[in-house]
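Before any comments, here is the structure.
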2 protein chains.
Amino acid sequence: MTLALDSAAQNLLFREARTANTFTDDPVTDEQVQAIYDLIKFGPTAFNQAPLRITLVRSPAARERLAQHLAEGNQKKTTAAPLVAILSADIEFHEELPTLYPHFPAAKDVFYSERPARESAAALNAALQAAYFIIGIRAAGLAAGPMTGADFAGIQKEFLDDDHVPFVVINIGKPGQDAWFARGPRLEADQVITTV
Amino acid sequence: MTLALDSAAQNLLFREARTANTFTDDPVTDEQVQAIYDLIKFGPTAFNQAPLRITLVRSPAARERLAQHLAEGNQKKTTAAPLVAILSADIEFHEELPTLYPHFPAAKDVFYSERPARESAAALNAALQAAYFIIGIRAAGLAAGPMTGADFAGIQKEFLDDDHVPFVVINIGKPGQDAWFARGPRLEADQVITTV
């Protein structure tokens, strides 16, 4: 075994886990989302930044408001999924840095006094946290259906504010009938990894 | 148990895993890196994009060339770590899309004919893949020390080309003496999650 992680966990999180396009009617509870968050909140970010914000879209009315901003091929998936989450990056994440990274409270002012610096740090670190969240959904025995085919400016205006930039919408639930395509190929290690 | 993932795996990947600042002398082999990649290559991205590129920095000479572009506080960590990886985003990832996403080969031209669209997609999806890679390092029983305190333009010029944009450098190895700070606090779920 080259990996320390057991096979069942490898399969659950990566090897057998798949992006789902259909879901059963089984609900996804707030307790499940809380358990996912309480696991993935430990995923590392720069200076322990925590820009990720999760907007759960539950009500049918909110679901319809969201669907109108999605690419046509994504709309039915989202109105049918038991739970949908809009992930956004909080540009004002630096306000929490003195609490989250007490080793260097000045980081807030030294690195993040300018909004463009915050925007790029928030985008990177919220994306890292989004990946942890997807892994967390799988860790809960659920399937994630992340989507970037959306009018995110429209979603931001509809559900968020100027300081919260949405970048992915994730359907969450147990996989339903014909939930996925055939597995797509992956790049070989020698196409990705070089050594200097 | 609200989560399907077993406790040992939760601890290995998230709850007990920590960002390491010091490492033992135990080598990290190419076989280990290959095993990490062969696990995390299955992590989901938009249209199965695979922009992540991993540049392993092994030789002492290359290590020195890299260290000069790192923030002062990061230099010693990197010269002492058994293995260092520069993660970059390949802006020309769209060339592989017809292979990686055969369900919609036109995506390459429909969405990614303009470089700015490729730059933003590469940044997001390579960041997702970087998070999977960090999880993979932990899955291998190793510790990751990701760093964003660096002159990435300098690193790009030194090791890469215009089409490969570095965004994080990761020290990899077994944790050494006094490998980490005390665990920083995390945001509570109700600071991160809202429902509409």
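The values are calculated or read from the model by the stated rules, or taken from the named source; none is laboratory data. In this text the structure is predicted, and so the values were computed from the model without any measurement. Cβ atoms come from the backbone with ideal geometry, glycine included; neighbour counts cover every protein chain shown. In case anyone asks, the SASA skips ligands and DNA or RNA and just uses the protein heavy atoms, side chains included. Shrake-Rupley method; radii C 1.70, N 1.55, O 1.52, S 1.80 Å.
Of all residues in region B:37-76, how many are farther than 24 Å from A:Ala127 by Cβ, open to solvent by less than 30 Å² (accessible area, probe 1.4 Å) and facing chain A (nearest Cβ under 7 Å)?
Number of matching residues: 1.
Among (1) aliphatic (A, V, I, L, M); (2) assigned to a helix (DSSP H, G or I); (3) more than 9 Å from chain B (Cβ to nearest Cβ), where does A:Ile170 come up short?
(2)
Does region B:108-132 hold any residues that are buried (at least 22 other Cβ atoms within 10 Å of the Cβ) and either on the phi > 0 side of the Ramachandran plot or acidic (Asp, Glu) (or both), and which are they?
none
Would you pick out the residues in region A:80-107 that are open to solvent by 40 Å² or more (accessible area, probe 1.4 Å) and more than 20 Å from A:Asp162 (Cβ to Cβ)?
A:Ala80, A:Pro98, A:Thr99, A:Tyr101, A:Pro102, A:His103, A:Phe104, A:Pro105, A:Ala106, listed by residue number.
Could you list, in sequence order, the residues of region B:20-36 that are part of a loop (DSSP other than H, G, I, E, B), crowded, with 21+ Cβ neighbours inside 10 Å and not aliphatic (A, V, I, L, M)?
Result: B:Asn21, single match.
Rundown of residues vs (1) over 30 Å from B:Asp26 (Cβ atoms); (2) outside any helix (DSSP H, G or I); (3) touching a Lys or Arg at 6+ places or on another chain (Cβ under 8 Å); (4) not small (Gly, Ala, Ser), yes/no style:
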position	(1), (2), (3), (4)
B:Lys108	yes, no, no, yes
B:Arg118	yes, no, no, yes
B:Ala122	yes, no, no, no
B:Asn125	yes, no, no, yes
B:Ile134	no, no, no, yes
B:Pro146	no, yes, no, yes
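Please tell me if B:Gly154 is out of contact with any strand residue (DSSP E or B) (no Cβ under 7 Å at 6 or more places or on another chain), in a loop (DSSP other than H, G, I, E, B), surrounded by 13 or more Cβ atoms within 10 Å (Cβ to Cβ) and not aromatic (Phe, Trp, Tyr).
So B:Gly154 fails the test.
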